[in-house]
Structure formats: C-alpha cells, structure tokens
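Student: Below is the structure I would like to discuss, written out as structure tokens.
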Amino acid sequence: MTSIQAVPTPDTTADQVPILQLAAVRAGYGRIDVLHGIDLELRAGEVFALLGPNGAGKSTTLAVCSGQIVPSTGGIFLCGRDVTGVAPDALARAGVCLIPEGRGIFPNLTVLENLRMATFTGRSFADVLDLAFAQFPRLGERRKQTAGTMSGGEQQMLSMARALATAPAVLLIDELSMGLAPIIVEELYEHVRRIAASGLSILIVEQFAHEILGLADRAGIMLHGRLLHTGPPASIAGELADAYLGAEHAAPAARPSQ
C-alpha cells in the first residue's frame, strides 16, 4: 500500500474540490464486487447522508473511504489528491476518521483508557479529556468505568468523543442508531448536529432516513451497490419508499448475476 503525509487544506472558493470523492469505484470482498461504479462527492463542511436498506453497500462504501477495502477499479481522492490504496492508519493520520457500526470501543478498558488511545495524533491527554468531557459530560461522570459496562448510548458517545479528539478533517459514521432506543438516538443526533455546525465534513450512513435527513445538506440512496439518487434531503425523501420497496424505477439497478 502507498502512504500519505497529510490532507491538503480544503479550498474554500466557489469552485472548491470535494474534500472526499469516490470516482467510478467498484469494490467488495474477494472476487465479488459489492459496489458497482460508485461516484460520490463530500464537499467541505457538509453533511452527506447515505441511505438505503440492509445489504445496499453503505458500510462497504465507508470501508472504502477509510482504506479498509481497496477498490478493484476506480479511485479515492482527498481534496483532489489520489489516495487509492493508502493504508487505513495513514488515512486516519491524514484526517479520515471512521466511527464503525457497533461502536468500535475497547470494552475491557475504562473510559479514560479508551480516550488515551486518541493521543496517537499528538494531542495531549489533558486536551483529549477536556474536549471529550465538554462534548459529552456524561463521559466525565463515567471516566473510571469499564466501557463495556456502560449503556449502548454512552458507548456510542465514547466512540464519537474518541473520534473527535483526533481533530478529523472527514468524519465517517456508520449506523449511529443501531440497536439503540429512539430517545437515545435523538440525543446522539443532537450531538451530531452540534458537530456539523462546527463545519466538520461528515459522511453518515443510516438505514432509517428520518434520523438523519433533518440535519443533512445532501443525501443519496443506495440500492444493490449503486448510488441511485443524490440531491437535497427534501427531494430524496420522496424517492425513499420506492427504493426500499424495489419499485420499477429502481429496476435498472438490480443486483447483477454473479
């Protein structure tokens, strides 16, 4: 795999290059492609919601963006720079941070020990704690608690806090609502709303559209490994039912025979 030193500073002009771009990406597992020619752009400072039913290819898309899966064809670009094949740890150091489905914490470590992991970027432990507890005061109350004994919502807060402590340029969030009660999901998305207001670029995957459309700048619908529609959330909302039900207009995107 290749390496990368840093993400270039995003251009803030009207003609800015997308901070993250997938171009004609085909990717999958072994010889089986799950993604079939994905073109996706995340602009600097925007929230892009990637929606679709289970098996649509959403999590695979995030795995490609974070370097965990190398495309079989197509390319990945950060601020216009080709980073296809860059190792996941190098992308993480360059500012691409993934909050995986299932929270991605160390359950046998305490909250403090989990947060200490975020110091790999060079930020002091004291600064990491200050940022985490300011964003998520409940973590301060649980600082000495073993992470795996906390509630699902608190574990998700820990995962988010650790990600934000790395000062990411791009935040990738996979199924934040998975397995959580609606009231907890609502609280977590309030945190996401505040994070988005700071100008961080966020690509977020969700199965349940109503959780995310209210705070997204743009959205896209995935089905059978293809990105069917992209646009403002209001326009996407009208397409969701047909996409989830596999309506006739989505028939050209049906899964090809293997």
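Student: Is at least one residue of region 117-137 farther than 30 Å from I32 by Cβ and among the basic types (K, R)? Working first, answer last.
Tutor: Filtering region 117-137 down to residues farther than 30 Å from I32 by Cβ leaves 117-137.
Add one more test, that the residue is among the basic types (K, R), and what stays is 123.
Taking every residue of region 117-137 in turn, at least one turns out to be farther than 30 Å from I32 by Cβ and among the basic types (K, R).
Student: Give the residues of region 52-77 that are aliphatic (A, V, I, L, M), modelled with pLDDT of 95 or more and either touching a His at 6+ places or on another chain (Cβ under 8 Å) or crowded, with 17+ Cβ neighbours inside 10 Å (or both), sorted by residue number.
Tutor: L62, A63, V64, I69, I76
Student: Name the one entry in P100, P88 that is outside the structural domain of R162 (by TED's automatic domain parsing) and free of Cβ contacts under 8 Å to residues at least 60 places away in the same chain.
Tutor: Testing whether each residue is outside the structural domain of R162 (by TED's automatic domain parsing) and free of Cβ contacts under 8 Å to residues at least 60 places away in the same chain leaves just P88.
Student: For region 78-88, what are the residues that are of a type outside the set (S, T, Y) and over 14 Å from P168 (Cβ atoms)?
Tutor: G80, R81, D82, V83, G85, V86, A87
Student: Kindly provide the set of residues from region 114-151 that are β-branched (V, I, T) and either surrounded by 14 or more Cβ atoms within 10 Å (Cβ to Cβ) or touching a helix residue (DSSP H, G or I) at 6+ places or on another chain (Cβ under 9 Å) (or both), ordered by number. Explain how you work it out, then say what you get.
Tutor: Filtering region 114-151 down to residues β-branched (V, I, T) leaves 119, 121, 128, 146, 149.
Passing the criteria: T119, T121, V128, T146.
Student: Given the condition assigned to a helix (DSSP H, G or I), crowded, with 21+ Cβ neighbours inside 10 Å and touching a residue at least 40 places away in the same chain (Cβ under 8 Å), answer yes or no: does some residue in region 174-183 qualify?
Tutor: From region 174-183, those assigned to a helix (DSSP H, G or I) are 182-183; that's our starting set.
Those left that are additionally crowded, with 21+ Cβ neighbours inside 10 Å: none.
Within region 174-183, not a single residue is assigned to a helix (DSSP H, G or I), crowded, with 21+ Cβ neighbours inside 10 Å and touching a residue at least 40 places away in the same chain (Cβ under 8 Å).
Student: Going through region 105-127 one residue at a time, which ones are more than 17 Å from E154 (Cα to Cα) and touching a Ser or Thr at 6+ places or on another chain (Cβ under 7 Å)?
Tutor: Of everything in region 105-127, those that are more than 17 Å from E154 (Cα to Cα) and touching a Ser or Thr at 6+ places or on another chain (Cβ under 7 Å) turn out to be A118, T121, F125.
Student: Moving to a separate point now. Report, ordered by the first and then the second residue, all pairs with beta carbons closer than 6 Å, sequence separation of six or more or different chains, a first member in region 188-213 that is within 13 Å of Q135 (Cα to Cα) and free of Cβ contacts under 8 Å to residues at least 40 places away in the same chain, and a second member that is surrounded by fewer than 20 Cβ atoms within 10 Å (Cβ to Cβ) and among the aliphatic types (A, V, I, L, M).
Tutor: The qualifying pairs are R193/L215.
Student: A further question follows. Within region 136-156, is even one residue assigned to a helix (DSSP H, G or I) and either touching a Ser or Thr at 6+ places or on another chain (Cβ under 6 Å) or hydroxyl-bearing (S, T, Y) (or both)?
Tutor: Among the residues of region 136-156, at least one is assigned to a helix (DSSP H, G or I) and either touching a Ser or Thr at 6+ places or on another chain (Cβ under 6 Å) or hydroxyl-bearing (S, T, Y) (or both), which makes the answer yes.
Student: When you look at G45, is it touching a Gly at 6+ places or on another chain (Cβ under 8 Å) and outside the structural domain of S159 (by TED's automatic domain parsing), yes or no?
Tutor: Yes; evaluated as a whole, the condition is true for this residue.
Student: Look at region 157-173 and say how many of its residues are touching a Lys or Arg at 6+ places or on another chain (Cβ under 8 Å) and either in a helix (DSSP H, G or I) or crowded, with 19+ Cβ neighbours inside 10 Å (or both). Write out each step before concluding.
Tutor: Going residue by residue through region 157-173, those that are touching a Lys or Arg at 6+ places or on another chain (Cβ under 8 Å) are 157-159, 165-167.
Now restrict to residues that are either in a helix (DSSP H, G or I) or crowded, with 19+ Cβ neighbours inside 10 Å (or both): 157-159, 165-166.
Qualifying residue count, region 157-173: 5.
Student: Please verify whether region 72-81 includes one or more residues that are over 17 Å from L164 (Cα atoms), in the same structural domain as A241 (by TED's automatic domain parsing) and without any contact (Cβ under 8 Å) to a residue 12 or more places away in the chain.
Tutor: No; the residues of region 72-81 include none that is over 17 Å from L164 (Cα atoms), in the same structural domain as A241 (by TED's automatic domain parsing) and without any contact (Cβ under 8 Å) to a residue 12 or more places away in the chain.
Student: Filtering region 39-55 down to residues that are touching a helix residue (DSSP H, G or I) at 6+ places or on another chain (Cβ under 8 Å) and outside any strand (DSSP E or B), which residue is farthest from A234 (Cα to Cα)? Let's see the steps before the verdict.
Tutor: Just the residues of region 39-55 that are touching a helix residue (DSSP H, G or I) at 6+ places or on another chain (Cβ under 8 Å), to begin with: 40, 47, 49-53.
Of the ones still in play, those that are also outside any strand (DSSP E or B) are 52-53.
Working: G52: 16, P53: 19 Å.
Ranking the candidates gives P53 first.
The values are calculated or read from the model by the stated rules, or taken from the named source; none is laboratory data. The structure displayed is predicted, hence computed values, not measured ones. For neighbour counting, all protein chains shown are included, and Cβ atoms are generated from backbone atoms with ideal geometry for every residue, glycine included.
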